[in-house]
Each structure stands twice: as structure tokens, then as C-alpha cells.
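**Q** Structure incoming, see below.
The values are calculated or read from the model by the stated rules, or taken from the named source; none is laboratory data. In this text, all values refer to a predicted model and were calculated from it rather than measured experimentally. Positions of Cβ are backbone-derived with ideal geometry, glycine not excepted, and every protein chain shown enters the neighbour counts.
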């Protein structure tokens, strides 16, 4: 239960995330953020705080080279799989490996990584994951042509999900890729 929102703008990627830790009907407000920078990458996770901790502190993402989408699908994902396995998080269902869902930004490009390690690139320049994703996507779409700064758009999307989803709560945290 969560919402992570991402936005590509002016060759940077901006992420925002809520603070909900949900188990059944219990909600805990977490102080460890779901969005963060790891080297030149910015990431925001759902699914598991353990997975997020591995992404933030154990994962050493390879430096991008060549075609960025190809890099993310191959070299980057191979390194991710190894990190999650070593950290005890990766799961196996039959012969298929599974992880969790999160957003990643690098070099002005926003990607979603799904639980089957699929890497999605977003034509709209924005994305959301988590239980509040549809609410947040509506807000990101509605604010696309209003001339708002990235953080204001992310806040509007987070607030929409927070208002309408029981699995989302503030405070909100933000992170972005480094300035060039």
C-alpha cells in the first residue's frame, strides 16, 4: 500500500512518495523515505520496505552506457536481480523470479520496474505505482498543461491519492536526479 509518483521534466526525473506502512488494517507512518537517490539514479518503491532498503543501501547500480532502455533491461536488471537475491528478497514462483514494483529515473528518463523485472518506459513523461496509482495518474494528467513546477504536480498527485486511498498518507518525501 503506497503511492510513488514520477515525472520527467527538463532532462531530470522527480519522484514523490507517501509515508504509509500498511499491514492489513494497520497503518504506520514511516520516517524512512520511499524515494531516494542512489548515485545518478533516483528511485521510489512500493511492495516492501526490505526491498527498498536493499535498493537504497545495498544495490550498486551500473553506470549507464549506450542505449539507455537496453541498459536498464539488461545490465541494470541483472545487477538488480543479483542484489535482491543476495539480500534475501527475490522470490521464485515455479521457474519465474519475482521482485517488487518501483520507479527509477536516470538521465531525464523515467522507468517503472514491475515485479517480473519488466522495465517500462513512459511516453507521457509521468508514472505512478502503488495502491494510489490510478488516482495519482489522473492528477498528473490533469496538471500536465497548467505550467506547474514538477514538485507542485507531484504534490497534487500525492494529495489526490492521499485523499481517496486508505493506503496512502503523508508526509510526502521527494527526490530527484542530480542537476547536470
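**Q** If I ask for residues that are surrounded by fewer than 20 Cβ atoms within 10 Å (Cβ to Cβ) and either outside any helix (DSSP H, G or I) or touching a strand residue (DSSP E or B) at 6+ places or on another chain (Cβ under 8 Å) (or both), which ones from region 161-174 would you list?
**A** Our first condition is that a residue be surrounded by fewer than 20 Cβ atoms within 10 Å (Cβ to Cβ); within region 161-174, this holds for 163-164, 166-167, 170-171, 174.
Hits for region 161-174 are 166, 167, 170, 171, 174.
**Q** A further question on this structure: Restrict the check to region 72-93 and report whether at least one residue is assigned to a helix (DSSP H, G or I), in contact (Cβ under 8 Å) with a residue 24 or more places away in the chain, in contact with a strand residue (DSSP E or B) (Cβ under 6 Å, 6 or more places away or on another chain) and closer than 20 Å to residue 128 by Cα.
**A** Yes, some residue in region 72-93 is assigned to a helix (DSSP H, G or I), in contact (Cβ under 8 Å) with a residue 24 or more places away in the chain, in contact with a strand residue (DSSP E or B) (Cβ under 6 Å, 6 or more places away or on another chain) and closer than 20 Å to residue 128 by Cα.
**Q** Which ones in region 109-133 are in a loop (DSSP other than H, G, I, E, B) and either touching a strand residue (DSSP E or B) at 6+ places or on another chain (Cβ under 6 Å) or over 15 Å from residue 13 (Cα atoms) (or both)? Walk me through it before giving the result.
**A** Within region 109-133, the subset in a loop (DSSP other than H, G, I, E, B) is 114-118, 122-125, 130-132.
Result: 114, 115, 116, 117, 118, 122, 125, 130, 131, 132.
**Q** Could you grab me the full set of residues in region 52-63 that are closer than 23 Å to residue 17 by Cβ and either assigned to a loop (DSSP other than H, G, I, E, B) or touching a strand residue (DSSP E or B) at 6+ places or on another chain (Cβ under 6 Å) (or both)? Working first, answer last.
**A** Looking only at region 52-63, we keep the residues that are closer than 23 Å to residue 17 by Cβ, and these are 52-61.
Matches in region 52-63: 52, 55, 56, 59, 60, 61.
**Q** Which count do you get for residues in region 40-50 that are buried (at least 22 other Cβ atoms within 10 Å of the Cβ) and without any contact (Cβ under 8 Å) to a residue 60 or more places away in the chain?
**A** 1
**Q** Taking region 124-136, which residues are within 19 Å of residue 176 (Cα to Cα) and surrounded by fewer than 20 Cβ atoms within 10 Å (Cβ to Cβ)?
**A** 124, 125, listed by residue number.
**Q** Going through region 87-111 one residue at a time, which ones are closer than 17 Å to residue 56 by Cα and either at pLDDT 95 or above or surrounded by 15 or more Cβ atoms within 10 Å (Cβ to Cβ) (or both)?
**A** Of the residues in region 87-111, the ones closer than 17 Å to residue 56 by Cα are 87-90, 99-106, 111.
The answer is 87, 89, 90, 99, 100, 101, 102, 103, 104, 105, 106, 111.
**Q** Report yes if some residue within region 137-160 is out of contact with any strand residue (DSSP E or B) (no Cβ under 9 Å at 6 or more places or on another chain), assigned to a loop (DSSP other than H, G, I, E, B) and buried (at least 18 other Cβ atoms within 10 Å of the Cβ); otherwise report no.
**A** Yes: region 137-160 contains one or more residues that are out of contact with any strand residue (DSSP E or B) (no Cβ under 9 Å at 6 or more places or on another chain), assigned to a loop (DSSP other than H, G, I, E, B) and buried (at least 18 other Cβ atoms within 10 Å of the Cβ).
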